[in-house]
Amino acid sequence: MAEPLIVTIDGPAGVGKSTMAKRLARELGIPYLDTGAMFRAVAWKLGEGSWEWDEARLEAALGAFTFALSGTGEDSVLSLNGTPIGNEIRTEQVGMWASNVATLPVVRAFLKQAQRDVGARFSLVAEGRDMGTVIFPAAPRKFFLDASVEERARRRFLQLRELGKPADEAELREQIARRDDQDRNRAVAPLRPADDARLVDTTRLTPEQVFEILLHGVRP
Ligand code: DC
């Protein structure tokens, strides 16, 4: 069997990574892996304050989690312990909890293994914060998407409204800026582009234009 093809998409909150990863995965006929959803699901299951637990307690709790990925493109389904991860994790509050647990080496080590296990079996479009730098450093195609915090807050606002979860845009901007700051400045696997990643500033680009850049990057 041929080596799995891994395409990585990293970038800050609300930049459109998931939308692009889904579309690209559909175009390539492979699954996409939303690693932010893994951090969110762990944070959601462990609950508020779990980032203060000691390592032994965290390790014991993490040992009960098994992730699985099935389907391709938009129909990729990520499950935790046999249950598909739902929209309950898609709030900015759970995003912040995810960012909190994501500072912990024990959580990152656990999810690194889970993410690599998936990547060892499937070709993938993998999106997150450290896909190109830490999880799949040998991936042949790497992208780093960025956009101004104002634009990202606007996009997240529209996305949440679509999910029936209206939010305050100014508050979102503040929350996203705080989360980015924590994700960029943590000691382990901070958010940053891999040296060999293609940087795409999407602030003034339409989703169509961003998609064309990614697709052209994968299939020149
Ligand atoms: O992409 P997202 O908003 O769903 O991610 C939620 C949080 O999870 C993000 O603020 C930091 C953490 N995360 C991470 O540390 N590494 C990843 N590869 C993906 C997400």
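Values in this text are rule-based calculations from the coordinates and carry no lab data. The structure presented is a predicted model; accordingly, all values stated were derived computationally and were not measured. Here Cβ is always computed from backbone atoms with ideal geometry, including for glycine, and neighbour counts include all displayed protein chains.
Per the conditions (1) part of a strand (DSSP E or B); (2) under 26 Å from L172 (Cβ atoms), the sole criterion not satisfied by A37 is (1).
Whenever a residue of region 202-220 is within 22 Å of A13 (Cβ to Cβ), its partners that are part of a loop (DSSP other than H, G, I, E, B) and of a type outside the set (A, V, I, L, M), lying with C-beta atoms within less than 7 angstrom and at least six residues away or across chains, give the pairs T202/G16; T203/S148; P207/G16; V210/G16; V210/T202. Within region 45-92, being within 14 Å of the ligand (Cβ to nearest atom), under 15 Å from the mean Cα position of the chain (by Cα) and surrounded by 13 or more Cβ atoms within 10 Å (Cβ to Cβ) holds for F67, L78, I85, I89, R90, T91, E92. Here P137 meets each of (1) over 20 Å from N100 (Cβ atoms); (2) buried (at least 21 other Cβ atoms within 10 Å of the Cβ); (3) within 16 Å of the ligand (Cβ to nearest atom) with one exception, condition (2). Of all residues in region 98-123, those that are touching a helix residue (DSSP H, G or I) at 6+ places or on another chain (Cβ under 8 Å), within 13 Å of the ligand (Cβ to nearest atom) and not small (G, A, S) total 10.
Among the residues that make up region 182-200, is at least one of them within 16 Å of the ligand (Cβ to nearest atom) and exposed (fewer than 12 other Cβ atoms within 10 Å of the Cβ)? Looking through region 182-200, at least one residue is within 16 Å of the ligand (Cβ to nearest atom) and exposed (fewer than 12 other Cβ atoms within 10 Å of the Cβ). Which of the residues spanning region 6-20 are within 10 Å of the ligand (Cβ to nearest atom) and more than 17 Å from R192 (Cβ to Cβ)? Within region 6-20, G14, S18 meet the criteria. Selection of region 142-154 for residues being surrounded by fewer than 20 Cβ atoms within 10 Å (Cβ to Cβ) and touching a residue at least 24 places away in the same chain (Cβ under 8 Å) yields D146, S148, V149, E151.
Restricting attention to region 169-220, the residues being in a helix (DSSP H, G or I) and either under 18 Å from T19 (Cβ atoms) or among the charged types (D, E, K, R) (or both) number 24. Anything in region 172-210 that is touching a helix residue (DSSP H, G or I) at 6+ places or on another chain (Cβ under 8 Å), among the charged types (D, E, K, R) and within 25 Å of T103 (Cα to Cα)? List them, or say none. Of everything in region 172-210, those that are touching a helix residue (DSSP H, G or I) at 6+ places or on another chain (Cβ under 8 Å), among the charged types (D, E, K, R) and within 25 Å of T103 (Cα to Cα) turn out to be R173, R178, R179, D180, D183, R192, D196. Residues in region 139-159 that are aliphatic (A, V, I, L, M) and under 26 Å from I6 (Cα atoms): A139, L145, A147.
A search for C-beta distances below 8 Å between a residue of region 94-105 that is within 14 Å of R129 (Cα to Cα) and of a type in the set (S, T, Y) and any residue that is assigned to a loop (DSSP other than H, G, I, E, B) and more than 8 Å from the ligand (Cβ to nearest atom), counting only pairs 6+ apart in sequence or on different chains, returns T103/A187; T103/V188.
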